[in-house]
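Written out below as structure tokens is the structure these notes cover.
The values are calculated or read from the model by the stated rules, or taken from the named source; none is laboratory data. What you see is a predicted model, and the numbers here were worked out from it, not measured in a lab. Neighbour counts run over all protein chains shown; Cβ positions are idealised from the backbone, glycine included. With ligands, DNA and RNA removed, areas are computed over all heavy atoms of the protein, side chains included. Shrake-Rupley method; radii C 1.70, N 1.55, O 1.52, S 1.80 Å.
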There are 2 protein chains.
Amino acid sequence: MTRVLLASRNAKKLDELRRILLAEHVSGVEVVGLDAVPAFPEAPETGATFEENAVAKARDAAAATGLPAIADDSGIAVDALNGMPGVLSARWSGRHGDDLANLELVLAQLTDVPDERRGAAFVCAAALATPSGRETVVRGEWRGTLVRTPRGANGFGYDPIFVPDGASRTSAELEPAEKDALSHRGIALRQLVTHLRALAG
Amino acid sequence: MTRVLLASRNAKKLDELRRILLAEHVSGVEVVGLDAVPAFPEAPETGATFEENAVAKARDAAAATGLPAIADDSGIAVDALNGMPGVLSARWSGRHGDDLANLELVLAQLTDVPDERRGAAFVCAAALATPSGRETVVRGEWRGTLVRTPRGANGFGYDPIFVPDGASRTSAELEPAEKDALSHRGIALRQLVTHLRALAG
């Protein structure tokens, strides 16, 4: 069994990666989260791109633990905000990790933006770094539209206001397996599957 | 004396335009504000660009009053926010016209953004529309850097955190005449001077 570290404390992300590896029939890989390894100093995410942040986080985690490490940086790119909140998605309101405040601020900023200009994309950069210094970074995008009223209790972040193209439910109203099949994070993580298989030998 | 309407209720903007016309030796033009004309319904600013908003405002004002009308739409374009707050500058925090909340939100969003990536530009689009349907729109930009702590009591909006390139004071620490000579609004309004002279005959 090859242990791979997912550089996250988010149990939902851990579940998601495990579900994806199962669905892709990847065997021989055991995914552990940051809670399963000794603590190490984590650098703040100050990159200008999702890719920069994901690579830095994976690299630091691999170097600190000696395990191959996966890290992601994700967010929402709103057309009428020129692609922001982007890398600032988690702290858009100024309060890091306050999902509700972040979502409500985006809704308030878009109050006067008409329906035809409410496009957005969820974006995920996922990086895999090995202790020997090999680095891979991939990107997934999921396009949709922002509604005016939050709906749904699954998911997190901006899920309750994002209706994927071709869907009528918000991504917070999708079942986890439905979301995995479509989502930016699913798209990105599946691109890492071949690399993970190679690690498992 | 040709009366020209500045489609604004902001006394500082009115003073500014009058100072600029004086400095440019434009005679025969009397600038009045919205408070000097009968009220008319004003459309919300929903354009995707400063130019769109300025032209729409000037056009509506000229049509409603029968006077040549000037309107501006201005804001700050922050590099690390992909050019936002942009047209949403006045309502960035979700509370329209709350200068302090807007400025504090930008500072909070930029907390982890290092000094070398804190560039920004004040942008002004100024439009002149005549009752006969002639429309002109011009643009002024003023580049600088955003500091972390507000300074200065002149100006408004984002002035207290904007240090113009080549300066050490914030634009809220500049005297009105100094600001006129450099600012986005000064640059834009001076481009309208020839048009205003033509109106004055």
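Side notes on the structure shown:
- Among A:ALA172, A:ALA56, A:ALA64: highest mean-square fluctuation, GNM of chain A, C-alpha pairs under 10 Å: A:ALA64
- Estimated FRET transfer efficiency (B:GLU178, A:ALA153; beta-carbon r; R0 60 Å; 0.05): 0.65
- Solvent-accessible area, 1.4 Å probe, carbon plus sulfur percent, for the protein assembly as shown: 54
- Chain A packed on chain B takes about 1600 Å² of accessible surface away from a 1.4 Å probe, both sides summed.
- B:MET84 long-range amide H proximity, modeled H, under 5 Å: B:VAL78
- Centre-to-centre, using Cα atoms only, segment B:99-121 and segment A:1-41 are separated by 35 Å.
- Chain B Cβ-axis minimum, rotational copy A, residue and distance in Å: B:ASN82, 2
- Occluded residues from segment B:106-129, i.e. those whose accessible area drops by 40 Å² or more once the chain is not alone (1.4 Å probe): B:GLN109, B:ASP112, B:ARG117
- Per residue, the solvent-accessible area of the protein assembly as shown (1.4 Å probe, heavy atoms of protein chains only, all protein chains present) comes to 44 Å².
- Under a 5 Å amide H cut-off, with hydrogens placed 1.01 Å from N, A:ARG3 pairs with A:GLU30 among residues at least 5 apart or on other chains.
- With θ taken as phi - 60° and the Karplus curve 6.51 cos²θ - 1.76 cosθ + 1.60 applied, the whole-hertz 3J(HN,Hα) list for segment B:42-57 is 9, 6, x, 8, 10, x, 8, 10, 4, 4, 3, 5, 5, 5, 4, 5 Hz, x standing for glycine and proline.
- Shielding by partners for peptide B:78-86, expressed as the average number of C-beta atoms from other protein chains within 10 Å of each residue's C-beta, is 5.
- Residues whose amide H lies under 5 Å from that of B:SER8, counting only those 5 or more places away or on a different chain, are B:LEU34; hydrogens are built 1.01 Å from N in the peptide plane.
- The antiparallel fraction among DSSP beta bridges confined to segment B:2-200 stands at about 80%.
- Spin-label pair B:ARG197-A:ASN10: with each label point 7 Å from Cα along the Cα-Cβ axis, the two points sit 6.0 nm from one another.
- Distances between copies at B:GLN191, taken between label points 7 Å from Cα along the C-beta direction, are 3.9 nm in increasing order.
- Förster radius 41 Å - calculated FRET efficiency between A:ASP165 and B:ASP165, Cβ distance, rounded to 0.05: 0.45
- Cross-link partners of A:LYS57 among lysines (Cα-Cα below 20 Å; sequence separation of 8 or more within a chain): A:LYS12, A:LYS13
- In this rough spin-label picture, where each label sits 7 Å from Cα along the Cβ direction, the B:HIS25-B:ALA108 distance is 5.1 nm.
- Average Cα contact separation per residue, chain B, under 8 Å, 6 or more apart, as relative contact order %: 21
- Applying 1/(1 + (r/R0)^6) with r as the Cβ-Cβ distance of B:ASP35 and A:GLU116 and R0 = 30 angstrom yields a FRET efficiency of 0.30.
- GNM flexibility winner over chain B from B:ALA167, B:ALA71, B:ALA62 (Cα, springs under 10 Å): B:ALA167
- Note on A:ALA63 and A:THR136: the extension gain reaches 24.8 nm, defined as 0.36 nm multiplied by sequence separation minus the Cα-Cα distance.
- Within the listed set B:SER132, B:SER93, B:SER171, the residue fluctuating most in the Gaussian network model of chain B (springs between alpha-carbon atoms under 10 angstrom) is B:SER132.
- Computed from backbone phi with θ = phi - 60° and the Karplus coefficients 6.51, -1.76 and 1.60, the 3J(HN,Hα) list for segment A:13-22 is 5, 5, 4, 4, 5, 5, 4, 5, 5, 5 Hz; x is used for glycine and proline.
- Per-residue Karplus couplings for segment B:30-39, computed as 6.51 cos²θ - 1.76 cosθ + 1.60 with θ equal to phi - 60°, are listed in order as 10, 8, 10, x, 4, 5, 8, 10, x, 5 Hz, Gly and Pro entered as x.
- Across identical copies of the chain, B:ALA43 has label-point separations of 4.9 nm, listed in ascending order, with the point defined 7 angstrom from Cα along Cα→Cβ.
- Alpha carbon convex hull of the protein assembly as shown, projected area averaged over orientations, nm²: 22.0
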